[in-house]
Structures are given as C-alpha cells and as structure tokens.
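To keep things clear, I will list the structure first and then write my remarks on it.
Derivation of every value follows stated rules applied to the coordinates shown; laboratory data play no part. Computed from a predicted model, the values in this text were never measured in an experiment. Every residue, glycine as well, gets a Cβ built from its backbone with ideal geometry; the counts of neighbours run over all protein chains shown.
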Amino acid sequence: MIEELMHPLLQYQQYSTTFFEWWAFLFIQYFLNVPDQGSALLTHITNFFSLLAGIKEVSKHVVGLRSPVDTYYPPTYSTSTDKFGLLIHLHGFGSSGAYSGGSYLKLTQALPQGGYVLMLPNAIKNVQGTRYWKGTDACCDVMNMGVNDAKYIRSLIKKAVGTGRIDPNKVFISGHSNGAFMSYRFACEFSDLIAGIIAINGATFYDNGDCVSLYNSAAPRKMSILSIHSTADATILYAGGRILGATYPSLEGSIARWQANLGCTVTDLISSGESFTADSASHVAQVYVPVADSCPAGAHIEHWKVVDGVHGPGFTNAFRTKLVAWMDAHPKATE
C-alpha cells in the first residue's frame, strides 16, 4: 500500500520539549532504532571482514549508526573503469527505502541498467516508530525534533563520490511525498553538491526565504529540477494546502520559487507539446519546460503534470526510461 501522509501521528499539533520530555524522547528513540543500530554495527563488521578477504563490493553502506543503505550497482561496476551517476531516492512518510525505491517505483533495475548507482536510505523513526524526513516546515518533522537529515544525505554523497567511482556531475536526489519535500530541502541547503532533484508529489517551502537562508555558498545555484505531480493527488494537493497548520505551496508556487532561486527571468513554464502515458491507469503526463533562454546556463526546471493521477501512481517502464533519460540530459554544469 502506498504510504499516506495523513498518518495518525499527524494528529499531534504540538509537542512540549521540556528537559525531561526531551531525554525521554531520546531514550525511546534509541530503543525504537535499536534494530537499525544493530544492523548497522553488523554491516560495519561484515564490511571489515570483507575487506580482509579481498571482497571489494558490498551491497550496503553505513554512515554512523543509521540504518544500512541498500545500494544497487550497474552491471559493469566491477569491471569498468568508467565513473557512474548516483541517485539517492528518499521514501515517503512511514515508508522505507526498499519499498519506495523498490516495490513501488521499481528503480532497482532501471537505474543500474541506465548506468546509475542507486542508494535507498531509510529515515529514522519518531516516537511512534514511523520513519520521517525533516523536509520543510510543512513536512514532516511534526514533533520538531530537529534531526539534520540534509547533512546525513550529504554524508552519503561525499562517501559515494569519495570512492572515485561516481561522477560528481551526475549526482541526483529523488523523493516521493515526504521524500519530495526532503529533496527540495536538500536543494535549498546543498545545491552545489548535486546535478538536480526529482520531486514526486511534494512541495518546497511556502516561505522561500526559509529556503534561501539555508544556502551558505556564494556560488550561484546551477542545478536542474524535475517536479512530477498528479493533479488528483488528494494527499499533497496540486493546488497547495496545509499540514497541521503549516502551509505548502501549489505546484505552480513551487516552480515559481525555484525559478527565482535559479535566477530565471520568467516565473512559469510553457508546454513542450510532449506527453506520454505515465502510469498503469493510462494517465497522461504533460511536459512543461522553461521559456527559451529564460534561465541561466546550467539551470533548468521542468514539470511532468500527471493528469488525473493520484498520490501514488503505478508508474510504467516508459516513465522510468524517460526518468533516466532526463537525468542523462541534465548533468551539473561545469565552470
């Protein structure tokens, strides 16, 4: 079942963080995540003995004591000297990397076959045992616990690029639902590290100043954004909405904010005339692109509008093929 954002956790509109409650939270969180920590420790040990045995590749990577990250490699990864692209996919609220990137989106074959290493990290669990990413103010750190997921994702990128096998100009972040909010959050903070993001049924900050204030680099943002949104999404509304009193922008609002962030001179998109069948229910995705020459070199923003699609469309192989082609066409611009 596709994860739904309106989880029972979201009934909590406030959470008092007195000194006692804060330490109680840490205690509970530790034991909720013990299986992850044990698995992470076991993976560290396995990796160590694999290195002693001369085995160079393992299927899981660990940063700190987070849950091990399922990682999928192109077929020629072991034999080729080429560098490969990287996609880190972020699951939705209450979901997991294995479900969202595997069972649901079925990226585990399409991305490696397309020449990309695919990483499927898991978010940590809140006090109810539900995984969440700290994306924007609207989604989904509803208890304001302040976990820094952006820095965690940055550490995954640095570790992967540090192997020497990843092309730093072909690093992408994708996400569905809460993962899409997190993708936008990461772009706000660390757009200098990625070629682009792919946000599926999510939104950016309502107050664009919150996004702008997160970026600490003096360099202009040079990246690409692909925003995929279903017009009949009843969970994250195409027209924008509110989650526990926090507003998120419409699709058009997210586009306009990021056109401003990228230095584009026009704050909307135009139809490219292209469309394709996006999901198993035969819903059509219409492609919208920037007005010619309206964005600086190295900056691009695009929208695939899934007409009458829902929050968790059953995307097709054609969709996945086009996704890889879009990534191939939008590497990070070099100076």
Practice task
Give me the distance in nm between label points sitting 7 Å out from Cα along the Cα-to-Cβ direction at residue 247 and residue 169, one decimal.
Solution key: 4.1 nm
Handout entry: Local electrostatic count, residue 226, Cβ distance below 15 Å [Lys/Arg +1, Asp/Glu -1]
Key = +2
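Name the shape class, rounded, prolate or oblate, that the alpha-carbon gyration tensor gives for the stretch 222-335, where a ≥ b ≥ c are the square roots of its eigenvalues, rounded holds for a/c under 1.5, and otherwise prolate holds if a/b is larger than b/c and oblate otherwise. It would help to have the intermediate numbers written out before the result.
On the way: a/c = 1.95, a/b = 1.18, b/c = 1.65.
In terms of gyration-tensor shape, oblate.
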Fill in the blank from the handout: Excluding residues fewer than 8 positions from residue 322 in its own chain, the lysines with Cα under 25 Å of it are 83, 106, 170, 222, 305, 332
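Out of all DSSP beta bridges in the stretch 133-274, what portion is antiparallel? Express it as a percent rounded to 5. If you can, show how the numbers build up before the last one.
Values: 4 of 14 bridges.
So the antiparallel bridges in the stretch 133-274 amount to around 30 percent.
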Fill in the blank from the handout: Computed ³J(HN,Hα) along the stretch 295-302: with the Karplus parameters 6.51/-1.76/1.60, θ = phi - 60°, integer Hz and x for glycine or proline, the list is 10, x, 4, x, 10, 8, 9, 9
Completion exercise
Ranked on Cβ counts within 10 Å of their own Cβ, fewest leading, 194, 157 go 157, 194
Practice task
May I ask you to order 264-273, 284-293 by the average number of other C-beta atoms within 10 Å around their residues, highest value first?
Solution key: 284-293, 264-273
Handout entry: 5 angstrom amide H check on residue 174, placed H, neighbours 5+ away
Key = 88, 89, 90, 198
Handout entry: Packing-based exposure ordering (other Cβ within 10 Å, fewest first) of 257, 320
Key = 320, 257
Handout entry: Computed label-point distance, nm, for sites residue 77 and residue 148 using a 7 Å Cα→Cβ extension
Key = 2.8 nm
Completion exercise
From fewest to most C-beta neighbours within 10 Å, the residues 136, 235, 334 line up as 334, 235, 136
Handout entry: Surrounding net charge for residue 280, when Lys and Arg each add one and Asp and Glu each subtract one, Cβ distance under 14 Å
Key = 0
Exercise for the section: Find out how many positive minus negative residues lie around residue 315, taking Lys and Arg as positive, Asp and Glu as negative, among other residues whose Cβ is under 12 Å from that of residue 315. Expected result: +2
